[in-house]
Amino acid sequence: MKKIWVITAAWMLVWGNSLHADEAHDQSLSLKERVAIASRIYADIQIYFGHWQGIPDFDLGAEYGNYLDKVLATNSRRAFDLASMEFMAKLQNSHSGFVDHWLQQTYGQQLNFYAYPIDGQWVVTRSDVPDLKVGDVISALDGEPFASFYQNQRKYSSASDEQWRQRSFFEYPYLFPESFQLTLNDGRRVTVHRKGPFRFAGTEYTKIDMSDREGIPVIRVPSFDLAKLEADAVGALKQAGTAKAIIIDVRDNHGGSTPQQLMAALMDRPYRWWSESTPAHIGSFQLENSPGTHTELHWFGGVEQPSGTPYKGVLFLLTNGGCFSACEDFVVSFKDNHRATIIGERTAGSSGQPYSHRFENGMGFGLSTKREFMPDGSPFEGVGIAPDIEMQVHAADLASGRDPVLEKALSLAKSASSQ
């Protein structure tokens, strides 16, 4: 089995800065340093970027010229970071973006809550902020309609589609003031003070969760960022023993490294990998106005055979739009060979093997070198993996603590277990 390391987008995508932060924290960059970094980004995009078919009308030369105008206009490090993030966000790929360690340390205090659009409203889905509850609907930030606030910041966000851009917005604190007041739909006002050192989304998870729900084992795997999490999931699967049905919950799992051991422990039949493409730089195809300017190599990922003593019972996977990158690597084969029933929402729709470059001053960038397709060749990037049974979680469900997706899976699992 080939080893695939899929780097989470978190480390390479920095989305903006605290636009209202104290200017005294800013640093300056020399003209030479700014031009050298911008030029390296521009050159490497042409070599390594593997998603040109996702932006067929993109004019790299013109956009680079606009980027240079901003880079040359000021020696501000924050301004350079913003310009670089905006430039790379135009590639419209969730695994390609710009990062600056200095920006993380200076402006990356945590929001301590998370929200994303549900039924057209920005709904709090997790909160450690007093008086801000799961299920609350955000209508404004410092008096500005929240939809407007988001629209003003979205240009800094690298994403393969708008759904992921919205869903990941709260994962990166740089786009928010250091302190701000939220107005909620019920009229309450909650003040938020960002605090705590910067951390990438998903890195807070150090353990899985296994529970028994009326005889049905439910294994919640929040991340594949640590090898321990995958190992613990495999251990939990063995602990489940002869259970006739198992539920594995990977909702909001942002990936890490492809969990091939867990996949092997669950696959009782042959399974296929992605179809993939990567840039192929053939000199005679690089002519101006040539239809082959962005030539690619395509290949089929192959078929893996089951090995060892995999679990052979009925399997259910729970997914949503927060299942991203290596989490989607985990799900794709189960969708393709129908080994599991997938319940919930369509996944995020982005994976791939990033090329990365780091500069001595703490800046860096990543470029997705591969475009992945479903095993049958159908689109995946910006599309995601559709569930077999689509179910949404609404704001009222979150507020009441109800989980209709898990309830549906439990109902089906109990039925399967009784047969």
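Some notes on this structure:
- Computed over the chain: relative contact order in percent, which uses C-alpha pairs under 8 Å that are six or more apart: 19
- Cβ-based exposure ranking for SER158, SER39, in which fewest neighbours within 10 Å come first: SER39, SER158
- Estimated from helices alone, the mean residue ellipticity of the chain at 222 nm is -8500 deg cm²/dmol (sum of -39500 (n - 2.57) over DSSP H runs with n ≥ 4, per residue).
- Trypsin sites (Lys or Arg not before Pro) within the range 312-419: DSSP coil, no more than 14 neighbouring Cβ in 10 Å: LYS312, ARG402
- Cα centre as origin, Lys/Arg/Asp/Glu Cβ charges: the chain dipole, Debye: 840
- Here's the list of aspartates and glutamates a cross-link from LYS335 could span, going by alpha-carbon distance under 19 Å and ignoring same-chain residues fewer than 8 apart: ASP249, ASP252, ASP268, GLU276, GLU304, GLU345, GLU372, ASP376, GLU381, ASP388, GLU390.
- In Å, descending, principal axis extents of the Cα set of the range 113-193: 34, 26, 21
- When the square roots of the Cα gyration tensor eigenvalues are ordered a ≥ b ≥ c, the ratio a/c for the chain is 1.5 or more and a/b does not exceed b/c, which makes its shape oblate.
- Charge context of ASP128, other residues only, Cβ under 15 angstrom, K/R +1, D/E -1: +1
- Straight-distance crosslink candidates among lysines, where the alpha carbon sits under 23 Å from LYS195 and sequence neighbours closer than 8 are dropped: LYS133
- Global form of the range 186-339, assessed from the alpha-carbon gyration tensor, a/c cut-off 1.5: oblate
- Toward the positive end of the charge dipole of the chain, with +1 on the Cβ of Lys and Arg and -1 on the Cβ of Asp and Glu, the farthest Cα among MET210, VAL71, GLN153 is that of MET210.
- Along the chain, longest interval not containing exposed GluC sites (Glu not before Pro), exposed being DSSP loop plus at most 12 other Cβ atoms within 10 Å: 1-203
- Overall form of the range 298-419 per C-alpha gyration tensor (a/c, 1.5; a/b vs b/c): oblate
Values quoted throughout were computed directly from the atomic coordinates according to the rules given, and no laboratory measurement underlies them. This one's a predicted model, so the numbers in the text were calculated from it and none came from an experiment. Positions of Cβ are backbone-derived with ideal geometry, glycine not excepted, and every protein chain shown enters the neighbour counts.
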